[in-house]
1. Identify, please: which residue in region 59-69 is of a type outside the set (S, T, N, Q) and over 21 Å from GLU26 (Cβ atoms) and is, among those, most open to solvent (accessible area, probe 1.4 Å)?
2. Can you list residue pairs whose Cβ atoms sit under 8 Å apart, with the first residue in region 52-72 being closer than 14 Å to PRO36 by Cα and the second being among the hydroxyl-bearing types (Ser, Thr, Tyr) and open to solvent by 90 Å² or more (accessible area, probe 1.4 Å)? Count only pairs 6 or more apart in sequence or on different chains.
3. Collect the residues in region 73-100 that are open to solvent by 70 Å² or more (accessible area, probe 1.4 Å), outside any strand (DSSP E or B) and either in contact with a strand residue (DSSP E or B) (Cβ under 6 Å, 6 or more places away or on another chain) or under 30 Å from ARG35 (Cβ atoms) (or both), keeping them in residue-number order.
4. Hey, could you check region 39-58 for residues that are under 14 Å from VAL80 (Cβ atoms) and open to solvent by less than 50 Å² (accessible area, probe 1.4 Å) and say which is nearest to the chain's Cα centre (by Cα)?
Amino acid sequence: MFKLVLICAVIAMAVALPVGDESKAEVLSRKDDVRPDGFDASLETDNHIVRIDSGDVHGNIHGSFSWISPEGEVIEVKYVADENGYQPSSASLPVAPPIPEAIKRSLEWIAANPPVPDRKN
């Protein structure tokens, strides 16, 4: 009996989930320009997803992508991908809190006073 109630509850939750129309997004514009010296590409869909990229012959890529969050906020991420790796930047990305002053002083002291190695024979 418990299994039947559990199965009915799972089915009810699955039916109650809202069905997003994200999978039915249509492409409004798409441009791809691939050349021997690099590429330029862009994509825009009717659900406000936008992507713009360009790259050079050395494999360096820069671009941006954006979408509208479920809260209605426009999220935009700009990035560079080069020999230094992937480097995104956005006001929406989380930022680490500053290092407390006491920890900073401790790290500076440790760097200035490295431990003396033990000489055991």
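1. Pass one, region 59-69, residues of a type outside the set (S, T, N, Q): 59, 61-63, 65, 67-68.
From what's left, over 21 Å from GLU26 (Cβ atoms): 59, 61-63.
Numbers: GLY59: 47, ILE61: 53, HIS62: 106, GLY63: 15 Å².
Across region 59-69, the extreme among qualifying residues is HIS62.
2. Matching pairs, first to second residue: none at all.
3. GLU83, ASN84
4. Taking region 39-58 first, the residues under 14 Å from VAL80 (Cβ atoms) are 52-56, 58.
Now restrict to residues that are open to solvent by less than 50 Å² (accessible area, probe 1.4 Å): 53-55.
Details: ASP53: 15, SER54: 18, GLY55: 19 Å.
Within region 39-58, the match that is nearest to the chain's Cα centre (by Cα) is ASP53.
The values are calculated or read from the model by the stated rules, or taken from the named source; none is laboratory data. Since we're looking at a predicted model, the values are computed, not measured. Cβ coordinates were reconstructed from backbone atoms using ideal geometry, including for glycine residues, and neighbour counts include every protein chain displayed. With ligands, DNA and RNA removed, areas are computed over all heavy atoms of the protein, side chains included. Shrake-Rupley method; radii C 1.70, N 1.55, O 1.52, S 1.80 Å.
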